[in-house]
Amino acid sequence: MQILGIDIGGSGIKGALVNTTDGTIIGKRHRIATPQPATPEAVAQTVNKIIKHFDYKGPVGCGFPALIQHGIAKTAANIDKTWVDIDVEKLLSEASGQKVFVINDADAAGFGELLFGAGNGHQGKVMLLTIGTGIGSAIMNKGELLSSTELGHLEFKGDSAELYCSDAARERDELSWEKWGKRFNKYLLYLEMLFSPDMFILGGGASKKFDKYSDQLTVNAKVVPARLRNFAGIIGAACYAARN
Ligand code: BGC
């Protein structure tokens with residue numbers, strides 16, 4: 001099946017056609033800068049432009065950087081505050097005339113990595129963390145996704161964990177990769193204590209520098225960088241739409 005996958009991010013909105021049978025990208029990815037301010041109307045128009053670019057008709061899978069429950073955005077930690085309580089599925093579907101399935105961005109990446117990336121075929125408990133402006137999380141158990149986990153907002157060191165050890169926190173506090181790795185490791189140890197995953201997959205910006213901090217990670221679980229890189233969210237979102 002060929003499905004259009006879209007990943008909505010803070011700086012770019014990216015789309016590509018995905019072969020949902022083998023997880024490959026068909027043709028080229030198309031990226032448009034996220035409109036500023038990234039209001040629901042402006043983002044819906046940009047998503048529509050991506051769909052038009054591919055001259056695509058059919059179901060669309062879309063990853064979105066907030067807590068999504070039944071297609072509705074419930075939080076807006078790192079996006080425009082006007083998204084809270086917006087029915088994102090309805091908005092994007094009406095704006096484009098196509099059925100758009102919306103899933104949290106980390107869930108999309110986790111699903112993509114589980115099907116075709118670093119977690120491929122894993123039958124145990126896998127936790128994916130995207131480390132960027134915020135921290136997104138996805139938990140997969142026995143090949144099934146437990147959606148909307150939001151572990152970046154676990155209270156840690158007195159505040160949301162993402163404020164302590166996201167990639168943005170590393171830049172804000174001007175930490176070396178080694179120092180940041182030590183910080184991130186504390187968070188991983190906490191997650192391991194709570195959830196005991198067999199494997200952590202690290203995605204997002206910081207995953208590209210994995211070698212610079214992997215020595216600092218002392219959890220028992222296997223820790224690996226994401227394999228599908230920038231495409232995990234697009235592939236996972238498309239596969240999610242294919243299954244709905
Ligand atoms: C949001 C999550 C999102 C993550 C990564 C967090 O601030 O609450 O929903 O997955 O950032 O974008």
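Report whether or not Phe64 is closer than 30 Å to Gly181 by Cβ, buried (at least 21 other Cβ atoms within 10 Å of the Cβ), in contact with a Gly (Cβ under 7 Å, 6 or more places away or on another chain) and not assigned by TED's automatic domain parsing to the domain that holds Arg172. Give the steps one after another, and end with the answer.
Details: closer than 30 Å to Gly181 by Cβ: yes; buried (at least 21 other Cβ atoms within 10 Å of the Cβ): yes; in contact with a Gly (Cβ under 7 Å, 6 or more places away or on another chain): no; not assigned by TED's automatic domain parsing to the domain that holds Arg172: yes.
Considered against the rule, which asks whether it is closer than 30 Å to Gly181 by Cβ, buried (at least 21 other Cβ atoms within 10 Å of the Cβ), in contact with a Gly (Cβ under 7 Å, 6 or more places away or on another chain) and not assigned by TED's automatic domain parsing to the domain that holds Arg172, Phe64 comes out as no.
Can you tell me which residue among Glu192, Glu171, Glu162, Glu178 is assigned to a helix (DSSP H, G or I), crowded, with 22+ Cβ neighbours inside 10 Å and modelled with pLDDT of 95 or more?
On the way: Glu192 fails: crowded, with 22+ Cβ neighbours inside 10 Å; Glu171 fails: crowded, with 22+ Cβ neighbours inside 10 Å; Glu178 fails: crowded, with 22+ Cβ neighbours inside 10 Å.
That would be Glu162, the only listed residue that is assigned to a helix (DSSP H, G or I), crowded, with 22+ Cβ neighbours inside 10 Å and modelled with pLDDT of 95 or more.
Does Ile68 satisfy the condition of being of a type in the set (Val, Ile, Thr) and out of contact with any Asp or Glu (no Cβ under 9 Å at 6 or more places or on another chain)?
Details: of a type in the set (Val, Ile, Thr): yes; out of contact with any Asp or Glu (no Cβ under 9 Å at 6 or more places or on another chain): no.
Against the criterion (of a type in the set (Val, Ile, Thr) and out of contact with any Asp or Glu (no Cβ under 9 Å at 6 or more places or on another chain)), Ile68 does not qualify.
Would you list the strands (runs of 3 or more DSSP E) that sit entirely within the stretch 1-83 and hold 3 or more residues that are farther than 23 Å from Ile131 by Cβ?
Details: elements: 2-8, 12-19, 24-33, 60-64.
Hits in the stretch 1-83: 2-8, 12-19, 24-33.
Can you name every residue in the stretch 107-159 that is closer than 18 Å to Pro225 by Cα and of a type in the set (Val, Ile, Thr)?
Val126, Thr130, Ile131, Thr133, Ile135, Ile139
For the stretch 119-136: of the residues being surrounded by fewer than 23 Cβ atoms within 10 Å (Cβ to Cβ) and away from the ligand (no atom under 13 Å from the Cβ), which is nearest to Gly181 (Cα to Cα)? Lay out the reasoning, then the answer.
Restricting attention to the stretch 119-136, the residues satisfying the condition of being surrounded by fewer than 23 Cβ atoms within 10 Å (Cβ to Cβ) are 120-125, 133.
Subset that is away from the ligand (no atom under 13 Å from the Cβ): 120-125.
Numbers: Asn120: 26, Gly121: 28, His122: 26, Gln123: 28, Gly124: 25, Lys125: 23 Å.
Step by step, filter the stretch 119-136, then rank; the result is Lys125.
Out of everything in the stretch 135-184 that is under 18 Å from Ala66 (Cβ atoms) and polar (S, T, N, Q), what residue ends up being nearest to the chain's Cα centre (by Cα)?
Checking each candidate, the answer is Ser137.
(1) surrounded by 16 or more Cβ atoms within 10 Å (Cβ to Cβ); (2) outside the structural domain of Ile13 (by TED's automatic domain parsing); (3) of a type in the set (A, V, I, L, M, F, W, C): which one isn't true of Ala237, the others all being true?
Ala237 satisfies every listed condition except (2).
Report, ordered by the first and then the second residue, all pairs with beta carbons closer than 6 Å, sequence separation of six or more or different chains, a first member in the stretch 191-203 that is over 16 Å from Gly124 (Cα atoms), and a second member that is in a loop (DSSP other than H, G, I, E, B).
Between residues of the stretch 191-203 that are over 16 Å from Gly124 (Cα atoms) and residues that are in a loop (DSSP other than H, G, I, E, B), the close pairs are Gly203/Ala226.
Return yes or no: is Leu194 within 12 Å of the ligand (Cβ to nearest atom), over 20 Å from Gly63 (Cβ atoms) and of a type outside the set (Phe, Trp, Tyr)?
Considered against the rule, which asks whether it is within 12 Å of the ligand (Cβ to nearest atom), over 20 Å from Gly63 (Cβ atoms) and of a type outside the set (Phe, Trp, Tyr), Leu194 comes out as no.
Give the residue, chosen from Gly121, Gly71, that is at positive phi and modelled with pLDDT under 95. Even if it seems obvious, please write down each step before you answer.
On the way: Gly71 fails: modelled with pLDDT under 95.
It is Gly121.
For the stretch 153-163, give me each residue that is without any contact (Cβ under 8 Å) to a residue 60 or more places away in the chain and within 13 Å of the ligand (Cβ to nearest atom).
Those that are without any contact (Cβ under 8 Å) to a residue 60 or more places away in the chain and within 13 Å of the ligand (Cβ to nearest atom): Leu154, Asp159, Ala161, Leu163.
Taking the stretch 1-30 on its own, how many of its residues are away from the ligand (no atom under 16 Å from the Cβ), of a type in the set (D, E, K, R) and closer than 14 Å to Arg229 by Cβ?
Summing the residues that are away from the ligand (no atom under 16 Å from the Cβ), of a type in the set (D, E, K, R) and closer than 14 Å to Arg229 by Cβ in the stretch 1-30 gives 1.
The values are calculated or read from the model by the stated rules, or taken from the named source; none is laboratory data. This structure is a prediction, so every number in the text was calculated from the model and none was measured. Using ideal geometry, Cβ is built from the backbone for each residue, glycine included, and neighbour counts are taken over all protein chains shown.
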